Every structure is written in C-alpha cells, then in structure tokens.
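A.B. asks: This is the structure I want to talk about, given as structure tokens.
The values are calculated or read from the model by the stated rules, or taken from the named source; none is laboratory data. Computed from a predicted model, the values in this text were never measured in an experiment. Note: ideal-geometry Cβ built from the backbone for every residue, glycine included; neighbour counts use all protein chains shown. Remember, those area values only see protein heavy atoms, side chains included, never the ligands or the DNA or RNA. Shrake-Rupley method; radii C 1.70, N 1.55, O 1.52, S 1.80 Å.
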Amino acid sequence: MDKVRALIVDDSSVMRKIVERSLRQAGIELEKVVEAANGAEALIALQSNGVDVILCDINMPVMDGLEFVRQVATVESAKGVPIVMITTEGSESHVVQALSAGARGYIRKPFTPDQVKEHVLPLLGKKP
Amino acid sequence: MSAAGGLAERSHEENWLPILELAIQEVFEIMLGSKVKTVAPSEHAANTEFTAMVGLAGALCGILTVCCDGKTACQIATRMLGDAAGSEEQAADALGEICNMITGNFKNKLAGTDEQCMLSVPSVISGGKYSFRSLAEGGSIETVLLFEGAPVFVRLKLHR
C-alpha cells in the first residue's frame, strides 16, 4: 500500500500524538493525519477528508467511540474504512459492542507500538 | 446490600493494593518506558499541584486520583511525547491520560468488575489550593510511586 491517510479520534491530544507515532513506528508511511477530539468532530472531519484507516477511543465527551462507529456506517465516503478501537475499556462487552457496530480491531490501553502494528497492518493489506 | 457497596467493603479484605500497584507499574512501563517502584505514603508529603481524576460507576463506585508537582507532570508528558511536550496544557492532558489508563487497567484486572463498571472521562485540576470531599464515604487505597525520583500519589477512593 502507498502512503496512508489516518483519522485519529481521542479526546486527549497527547494520546493522538502517541497513536500517530505508533503508526509510524509500525512502518506505516503516513500521507496525512486527521485528528478529532470526539465522535462528532470525527464525523465532520470525514465529510471533507478521505481516510484509509480510523483509530478511535471509546470514552469521549459529546459523542463516544461506539456511537461514532455506528454512525460511520451511514457515511457514504467512509464505508469500508477499517476502524480500530484504542481504549481503556477492556471488558468483553465493550469488545463485542465495538465489533458488532463495525470496528475491525480492538486495542486496550496501555498499548505498545507492536500491538498497533499487529492490529493495523493487516487491515491495510500488509503483513505485521 | 448493593453490588457497589459489596465490592467496596471487600476491597481491603481482598487486598487490592498489589493489583493497583501492578496496574500503575504496567502503565508507566508500557507508555513511558519507565520502571517505577512504589514507596510508603508516609515517606512523602503530598503535592497536589496537578491532580487528575477519573470516576468509576456501577459495580465499583468511586474516584481514582493521581497527584504530583508541576515539574513531574511535565516530565511525564515529555516521556510520553518526546521532544514535543512543553506546555502546562500538555502536562495536564498527559497526567489525565495516565490516570485514565491506571483506572482502566486496574478495573480490567478485577475479576467480575470490568463488565459492570464504567469510567468517566478524565478531569485535571491545576493548582493545589483545593479540598476534596466525597459525599459517600467508603474505603480508600493509596500508594506512592517514585517517577524519576519524584513522588506521584495515587489514591482510589471508594463509595459504599
């Protein structure tokens, strides 16, 4: 795959930077990184930005990550874009809810760059 | 007896302190690349220049706080971000995320709790002149860790 356009959704700007760094450490060449602080901002960002992968927190103000994943399914331009949840919520029910809503991967915080590599690369058609 | 009350009352009997300390150590090692050791709370005076808080609701009700001085909060942000860190806002954001991850990691280690317990988004107070009062008194677990030689105070206050 060529350079990747990523949407990173987290209410912590520090965490957004760490996720971006982890993507680069995974060997993913980033063409563009779009940041959003919650699900509502992310939906707006998707209106004007095509992306190849979305990495999304769950616990966020305004619109949480689970609701965002449900609503992404209704955004024509984002259909088929893989979503990976990165969250402190580690319960089985959260994993099931996220995957049922359309997420393709689930990473629990705290996380290592290797975990990002393992979950994200296959979704981009690369071997981890 | 409510589920929340039952869990809070059992906390000391089940000795949750080692679980909390393990959750803290994992977060610092994985996210900051820093091996921290815990020390007795009585060895250090609490510094609350920065206080991060995450609330728990459901089977476990209460609040987890992480307190440290401003310099330490900046060092935490720098370790998380590398050279990019610098502002007070980033220090507060980083401490809030550390608090969030410690709370989530602790919750996930308690068998039977993670499915029935929700976390709030983190809040951070800058400035030490405040008093903290919980309306529903319960047990508490407290520990202090040394991060680059400076104390970081972690307290889990449970509601009955």
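A.B. asks: Using modelled amide H (1.01 Å from N, peptide plane; none on Pro or chain starts), what sits under 5 Å from the amide H of B:Val39, excluding residues fewer than 5 places away?
C.D. replies: B:Val144, B:Leu145, B:Leu146
A.B. asks: Here's a follow-up. Output wanted: per-residue J couplings in Hz (rounded whole) for the range B:86-93, from phi through Karplus 6.51 cos²θ - 1.76 cosθ + 1.60, θ = phi - 60°, x for Gly and Pro.
C.D. replies: Values per residue, Gly and Pro as x: x, 7, 5, 4, 5, 4, 5, 4 Hz.
A.B. asks: How large is ³J(HN,Hα) for each residue in the range B:117-125, as worked out from phi by the Karplus curve 6.51 cos²θ - 1.76 cosθ + 1.60 (θ = phi - 60°), to whole Hz, x for Gly and Pro?
C.D. replies: Each residue of the range B:117-125 in turn: 9, 10, 10, 7, 6, x, 10, 10, 9 Hz.
A.B. asks: For B:Val39 and A:Lys126, what does the FRET efficiency come to when R0 = 35 Å and r is the distance between their Cβ atoms, rounded to the nearest 0.05? Kindly include the intermediate steps, with their values, before the conclusion.
C.D. replies: Details: r = 45 Å, r/R0 = 1.27.
Calculated transfer efficiency: 0.20.
A.B. asks: Can you pull the mean other chain C-beta count within 10 Å for peptide A:84-93? Before the final figure, lay out the partial values.
C.D. replies: Numbers: counts 0, 0, 0, 4, 14, 7, 7, 9, 2, 3.
Mean partner shielding for this stretch: 5.
A.B. asks: Continuing with this model, one more query. Compute the Cα gyration tensor for chain A, then decide on rounded, prolate or oblate, letting a ≥ b ≥ c be the square roots of its eigenvalues: rounded whenever a/c is under 1.5, prolate when a/b is larger than b/c in the other cases, and oblate in all that remain. Display every interim value, and only then the final one.
C.D. replies: Details: a/c = 1.33, a/b = 1.11, b/c = 1.20.
Rounded shape, in that the Cα axes give a/c under 1.5.
A.B. asks: Strictly over 26 Å apart at the Cα level, which of A:Lys17/B:Lys35; A:Lys3/B:Lys107; A:Lys3/A:Lys79 would you flag in this model?
C.D. replies: Details: A:Lys17/B:Lys35 22 Å; A:Lys3/B:Lys107 38 Å; A:Lys3/A:Lys79 19 Å.
In this structure, A:Lys3/B:Lys107 lie more than 26 Å apart at Cα.
A.B. asks: So, taking all protein chains as they sit and a 1.4 Å probe, how much accessible area belongs to A:Phe111, in Å² rounded to tens?
C.D. replies: 10
A.B. asks: Sticking with this one: How high is the relative contact order of the range A:1-89? Use alpha-carbon pairs under 8 Å, at least six apart in sequence, and give a whole percent.
C.D. replies: Values: 153 pairs, mean separation 28.1, N = 89.
That works out to 32 percent.
A.B. asks: So which trypsin sites (Lys or Arg not before Pro) in the range B:33-86 are both in a DSSP loop and have at most 14 other Cβ atoms within 10 Å of their Cβ?
C.D. replies: Numbers: sites: B:Lys35, B:Lys37, B:Lys71, B:Arg79; in loops: B:Lys35.
Sparse-neighbourhood loop trypsin sites (Lys or Arg not before Pro): B:Lys35.
A.B. asks: How big is the B-A contact in terms of buried accessible area, both chains counted, 1.4 Å probe, rounded to the nearest 100 Å²? Don't jump to the answer; show the numbers that get you there.
C.D. replies: Working: alone 7970 and 6270 Å², together 12470 Å².
What B and A bury together is about 1800 Å².
A.B. asks: Suppose accessible area is computed on protein heavy atoms with a 1.4 Å probe; arrange B:Ser42, B:Ser140 from highest to lowest.
C.D. replies: Working: B:Ser42 110, B:Ser140 40 Å².
Most to least solvent-accessible, the answer reads B:Ser42, B:Ser140.
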